[in-house]
Each structure stands twice: as structure tokens, then as C-alpha cells.
């Protein structure tokens, strides 16, 4: 009898990815992500969250980690958490906008001038509101990590002006704000799962992509891309999510231990991400042809994509978007 790959993956997730917590001597939770093992988020999960949770629960609750797409890409992981066959995942926040459109309010082009302002906004009332919107969809937000400032690579030409973007087939996350921004700047924007990205660029199906420097380095995209810029068009986050119903069914002491351990891991990751970003940038400049994006060109990109904000207001709600913009303006 023929069994599809999707059916096998679903069965595997259901059987392996979430272990109901019983009265046994040692309970386990399953946590999956699509980031490479060396990425700061995966390192924080392995080296901080996992041992910290074991310490807080005196080894009664442990973690089985599945980074680097071991249980599928972002879509498979999120869908598994939503279905309750996987307890937790960590994934790009922009990806989640297909489920919770309000997340687009913090995905606006050229919104955050730096990581410090980005996290002041997310750690305040805006973050609390978005956490509630996620809860309405049965997702429990356990933390916001740094994915980072996103930058363009391509195999065709240096990006010196916005004109150089015209016609380039650029891969983006399945986030309407991101896609619309690149269309407004003249690029041919294509939504594609990251697991397909390297081969698509290698086969010249795509001209380029945009990602934070550590992701570009970890994915070895320099092997199939020649040109690198520091466009910094979006600042992106990593959401740590649990199935809300399943999480609330855990013992209260387990819930608290998971939250406390994750808070420690988030703080560790944010610090490590800033360092990893600088290191990856320096390394990539040695392997690729780097073009500095001037403030004037970045401003031209911002103006060209400004109309995207009005579209986001229609989808995510004007009051929320205006609130985000006001918070950023106060902090500048």
C-alpha cells in the first residue's frame, strides 16, 4: 500500500514529537526548529534551556530537541504545534503572520533602526498584545528571540541603487508585508520555504534571497551567491511557541520551570545573536563581493515601500500599526 511522505511525517510527529507527561520518574517535552545547529537560537535551546529546565525540575522534566529541520521545515513544525502533535517550536515571527496577521505590524519595512529599540517595543505593551493574539489561535508565546536585520544577496549584480533590484527574482518568507515591500522596490518577490532555498539558487531558479548574516553563513549561501549588501530592510524576530492547550495541561510547576528556563535562554540568545551577527558579517565580506548601501539609497527604498504600511493597516488594524510606529518614534 502506498503511503505518502506527508502521511509518514504526520505519523512520526504524532508518535515521537510530543510525549504526554505522566507520573513517570522522568517526563519529557519535544521541541523542534528549522534553524541550523550552530545558530544562536539552537545553541540557546541546547546549552541553556535544556540544562536549565533539568536543573529547575531536578531532572524530572527533560527536553528532546530537534533543530535543523529534523522534523520538517517551519510549516511542518508550526502545523504540528497547532495540531498538538508537537508541544513547542521556535520559528521566524514573520512566518507566523499567515496565521496571526497582527504580527505584520512589527514586520514593517525599515521600522526598527536598531535591535535595542526593536526589543524595547516587543518587551512592552506591543509584545503583550501580540502574545494575546497568538493565544487566540491556541499558541502560547514563551519568548521572543532575535533573528536579526535582514540583508540581500544575489548572483547577478551588486546592489548599489534601488534600480539594481529591478527584475531580480528574490526569495522571501511567506509574509505579505515582506513580499509587497520587495515588489514596491522593483524586485520579483517569490515566497519559498527555506528548506528549498539553496537548491533553487544553485539551479538559478532564483537570483537571490534576503536573510540575517548568520543565516546566510549557516546556509552557505555564499557558495551559490556572489553579491552581498547591508540593506537592513527588516528586523526580524524568532517566536518560541507552544500549543496553548497542551502547555496549560502540564503540571503548574512544569509550566513555571519551562517559562523560567526559557527566559534565561532568551536573554542568552539575544546577547549571542548580536555577536554572531557581527562575526558572520565579517566572514561573509571575505567570501562575497560586498556593497555598502548608503543612507540615501536606504531612504529611497524606505520611501518606495512606504505604501506597504497602508496595506498592513487594512490587514492588521490601523490602531495597532499606528501604536507600533508611535512607540518606535518615541524611542529614536
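Cα centroids of segment 36-109 and segment 219-254: 7 Å apart. Recomputing Cα extents along the principal axes in Å from the coordinates shown identifies the correct label among [x] 78, 47, 30; [y] 59, 59, 42; [z] 63, 49, 39 as [z]. Per-peptide packing, taken as the mean over residues of other Cβ atoms within 10 Å, places 302-309, 291-298 in the sequence 302-309, 291-298 from highest down.
Equivalent-ellipsoid semi-axes for segment 27-84 (Cα gyration tensor, √(5λ), whole Å, largest first): 21, 15, 7. Per-residue ellipticity at 222 nm for the chain, helices alone: DSSP H runs ≥ 4 residues times -39500 (n - 2.57), over residue total, nearest 500 deg cm²/dmol? That comes out to -13000 deg cm²/dmol. Rounded to the nearest 10 degrees, the angle from helix 125-135 to the longest Cα principal axis of the chain is 60 degrees. Computed from Cα atoms, the angle from the helix 252-287 axis to the main principal axis of the chain rounds to 30 degrees. Counting other Cβ atoms within 10 Å as a rough exposure proxy, the listed residues 155, 97 run 155, 97 from fewest neighbours to most. With neighbour counts taken as other beta-carbon atoms within 10 Å, the residues 322, 277, 310, 131 rank, fewest first, as 310, 322, 131, 277.
Neighbour counting of Cβ atoms within 10 Å sorts the residues 27, 136, fewest neighbours leading, into 136, 27. Dividing the radius of gyration of the alpha carbons in segment 208-286 by their Kirkwood radius gives 1.14 for Rg/Rh.
Taking a point 7 Å out from the Cα of residue 70 in the direction of its Cβ, the residues of segment 178-220 whose backbone N falls within less than 20 Å of it are 194-196, 218-219.
Values in this text are rule-based calculations from the coordinates and carry no lab data. Quick caveat, the model's predicted, so the values are computed rather than measured. Heads up, the Cβs are rebuilt from the backbone with ideal geometry, glycines too, and the neighbour counts pull from every protein chain shown.
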